[in-house]
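Chemist: Could you have a look at this structure, given as structure tokens, before my questions?
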Amino acid sequence: VLVKVAACGLQHRHLGQTLNAMQQTLTTLHHTFELNVCGEGGEYETFTLDMPLFKKRIVVEDAEIVRVSEDKLAPVAYYRINRFSLVDKNSTDVGVQVPEEGSEEDAEMVSGMDSALYHDVEYGRECMETVEAMDTVHYTTQTPTEHTPNIHTHTPATDQHTYNTHTHVCFCDNSLYIEGLRGVNHTHTPPTDAAHSPPTASQQMQRVLDQLAQHLSAHALDTSHVTRVHLLVADMAQFAQVNAEYVRVFAERPPSRVCVQVPLPEGVLVQLHCVAHAPTSATDTSSRATRECLHVQSISRWCPANIGPYSQAVTLRGKVYLA
């Protein structure tokens, strides 16, 4: 259903309507005002009430229309859902309906869409089962030997306070992969009293960045060569402290970044993984000169400027690293 309208021709009354009910109106507005029927320009936003992967269907019980702008040509409003419920679904209520009238070619196309939909649903369920299984697994690292470089294994979760034995650093095909940078000693035993509490999130982030600089320098690189960062924090309430240190190092043309909260070992408040790319030769400056960063600076109400120290995407040597 539509939950936001912000385009010429769309009115408050259209909020809460399904896309099926709005199809003719959107098509007419497309021909009249060149409105994008898919809402790709921010003309409208939708909220999904049901889909094949959902175990139950969402039913809106109470909602209201909030008017943001009363502009006569393009009023802005959104649909606030105050209360909803979950309703059991019919197990056969999945698939694409074949129209009663249409050519044989149309029927074959829709049938193919139906098969693809079921395939996607099954694949999605497998992914969900995998994610659920991961919750019961604790990942550890086997120390590499002379003949076994960086072997990763996983064992059932037994000790949630186990620390990795070392940070992984791998340089391959002019790419430097760094995994597991932490702001505490990897052989450190978690503290048992307040007098020996671990460093703060800010202090740990400083140490992580210091380690990063050392690893990069060892391969004649610096932070301008980093294209992607995975930043893990134990508590998002400490994100501001972590980010304040991060922005000191990655300010201009920053790498793309993914930052999530995960259950890190006790005492570990932050962990960083990243990828950096070195020039392929002494005369190759592609890792800097052709490194393109997408950093949105829009003034639109619906697409605000990115003020974070990361790029939404970094393109380098034919690859795109997304935030």
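The values are calculated or read from the model by the stated rules, or taken from the named source; none is laboratory data. Everything quoted here is computed from the prediction, not taken from an experiment. Note that we place each Cβ from the backbone using ideal geometry, even for glycine, and neighbour counts take in every protein chain shown.
Chemist: Which of the residues that make up the range 218-262 are part of a loop (DSSP other than H, G, I, E, B) and touching a Cys at 6+ places or on another chain (Cβ under 6 Å)?
Modeler: Residue satisfying the conditions is Arg253 alone.
Chemist: A further question on this structure: Among the residues of the range 221-239, is any assigned by TED's automatic domain parsing to the domain that holds Glu292, at pLDDT below 90 and more than 26 Å from the chain's Cα centre (by Cα)?
Modeler: no
Chemist: Moving on to the next point. Please list, ordered by first then second residue, the pairs with beta carbon atoms under 9 Å, 6 or more apart or interchain, first in the range 199-220 and within 13 Å of Leu181 (Cα to Cα), second in a helix (DSSP H, G or I) and of a type in the set (S, T, N, Q).
Modeler: That search, which allows pairs on different chains as well, returns Met205/Gln241; Met205/Asn243; Leu209/Thr223; Leu212/Thr223; Ala213/Thr223; Leu216/Thr223.
Chemist: Cβ contacts < 6 Å: first residue crowded, with 16+ Cβ neighbours inside 10 Å, restricted to the range 1-17; second residue of a type in the set (Asp, Glu), any location; separation 6+ or different chain. Result?
Modeler: Sorted first by the residue in the range 1-17, then by its partner, the pairs are Val3/Glu45; Lys4/Glu45; Ala7/Glu43.
Chemist: Being surrounded by 10 or more Cβ atoms within 10 Å (Cβ to Cβ), in contact (Cβ under 8 Å) with a residue 12 or more places away in the chain and assigned to a loop (DSSP other than H, G, I, E, B) is the filter here; which residues of the range 51-85 pass it?
Modeler: Result: Pro52, Leu53, Phe54, Ala74, Pro75.
Chemist: For the range 21-55, enumerate the residues that are farther than 12 Å from Val5 by Cα and within 25 Å of the chain's Cα centre (by Cα).
Modeler: Cys38, Glu40, Phe47, Thr48, Leu49, Asp50, Met51, Pro52, Leu53, Phe54, Lys55
Chemist: Tell me which residues, restricted to the range 7-36, are among the charged types (D, E, K, R) and farther than 22 Å from Arg80 by Cα.
Modeler: Glu34
Chemist: So, one more: Does any residue of the range 292-305 turn out to be modelled with pLDDT of 80 or more, under 30 Å from Pro199 (Cβ atoms) and touching a strand residue (DSSP E or B) at 6+ places or on another chain (Cβ under 7 Å)?
Modeler: Taking every residue of the range 292-305 in turn, none turns out to be modelled with pLDDT of 80 or more, under 30 Å from Pro199 (Cβ atoms) and touching a strand residue (DSSP E or B) at 6+ places or on another chain (Cβ under 7 Å).
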